[in-house]
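The values are calculated or read from the model by the stated rules, or taken from the named source; none is laboratory data. This is a predicted model, so every value here is computed, not measured. Here the Cβ positions follow ideal geometry from the backbone for every residue, glycine too, while neighbour counts run over all protein chains shown. All accessible areas refer to the heavy atoms of the entire protein, side chains included, with ligands and DNA or RNA removed. Shrake-Rupley method; radii C 1.70, N 1.55, O 1.52, S 1.80 Å.
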Amino acid sequence: MISPDGSNAGPAILILGAPGAGKGTQAKRIAEVLQIPAISTGAIFRQNMKDRTELGQKAQSYMDAGEFVPDSVTNPMVKARLSAPDVAGGFLLDGYPRTIDQAFYLRDALAATGRELDLVLEIAVELDEVVQRLLKRAEIEGRADDTEPVIRRRLEVYKEQTEPMVTYYADQDKLVQVDGIGTVDEVWERIRQVLTEYGLLEK
Ligand code: AMP
């Protein structure tokens with residue numbers, strides 16, 4: 001992808017979807033085939049909690065309750081990650097931005113280095129469907145934020161805060177919605193087609 005300063009900066013992609021839409025799994029595949037790093041804020045927080053870092057301690061109570069970690073913690077963390085050398089050839093953001101304010105912050109942080117998002121992929125699923133998926137995942141993975149009240153809260157927060165952001169990207173013609181119902185391979189096939197249409201993958 002050509003950035004405004006004419007350099008070949010690699011694709012800057014955002015993957016969006018309600019909790020349980022399967023975005024983490026698809027993000028891994030996209031990152032693998034495009035050979036770009038996947039940057040998942042949720043995964044960074046979870047790793048920090050596991051390692052008992054200061055950042056992890058700051059994030060813990062919010063994550064346990066299904067609330068967003070404050071921007072004062074999240075934004076600088078993402079900015080630092082985006083300045084790492086491996087991001088120069090492109091990157092895939094997973095789980096950030098999640099609010100309009102974060103989207104503005106990201107726009108400004110990228111603009112400072114002459115970049116912008118090239119593509120926003122939304123994995124679309126009905127919210128009732130994702131509750132079932134998340135409860136199943138809770139049994140398998142035992143994530144602390146996969147209990148039913150917390151799942152419901154995370155979905156509420158998604159509807160309130162993240163859905164309006166989807167409109168922001170749609171208005172810029174950056175949004176492509178992909179049907180998230182089906183097997184991992186079926187959804188992947190839809191994503192692969194989008195990446196191909198965008199010239200990011202060979203046919
Ligand atoms: P995820 O793995 O993307 O579902 O994220 C799990 C949890 O991490 C969320 O419920 C939030 O508590 C926190 N989190 C992840 N990304 C963000 C973000 N962009 N802003 C605030 N909190 C976040």
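Observations on the model:
- Against the numbered list (1) at pLDDT 90 or above; (2) surrounded by fewer than 16 Cβ atoms within 10 Å (Cβ to Cβ), E148 comes up short only at (1).
- Of all the listed residues (E186, E160, E197), the sole one being over 16 Å from E129 (Cβ atoms), away from the ligand (no atom under 16 Å from the Cβ) and open to solvent by 30 Å² or more (accessible area, probe 1.4 Å) is E197.
- Qualifying residue in the range 35-49 (condition: farther than 29 Å from G199 by Cβ, more than 10 Å from the ligand (Cβ to nearest atom) and surrounded by fewer than 18 Cβ atoms within 10 Å (Cβ to Cβ)): yes
- Of all residues making up the range 161-203, the number that are on the phi > 0 side of the Ramachandran plot and either in contact with a helix residue (DSSP H, G or I) (Cβ under 8 Å, 6 or more places away or on another chain) or not charged (D, E, K, R) (or both): 2
- Restricting the range 51-81 to residues that are more than 22 Å from F91 (Cβ to Cβ), free of Cβ contacts under 8 Å to residues at least 60 places away in the same chain and not in a helix (DSSP H, G or I), the residue that is most open to solvent (accessible area, probe 1.4 Å) is R52.
- Any chance A103 is open to solvent by less than 60 Å² (accessible area, probe 1.4 Å), among the aliphatic types (A, V, I, L, M), under 18 Å from A12 (Cα atoms) and touching a residue at least 40 places away in the same chain (Cβ under 8 Å): yes
- The set of residues from the range 84-94 being open to solvent by less than 10 Å² (accessible area, probe 1.4 Å) and within 16 Å of the ligand (Cβ to nearest atom) comprises F91, L92, L93.
- The single condition from (1) modelled with pLDDT of 95 or more; (2) over 15 Å from the mean Cα position of the chain (by Cα); (3) buried (at least 19 other Cβ atoms within 10 Å of the Cβ) that E32 fails is (3).
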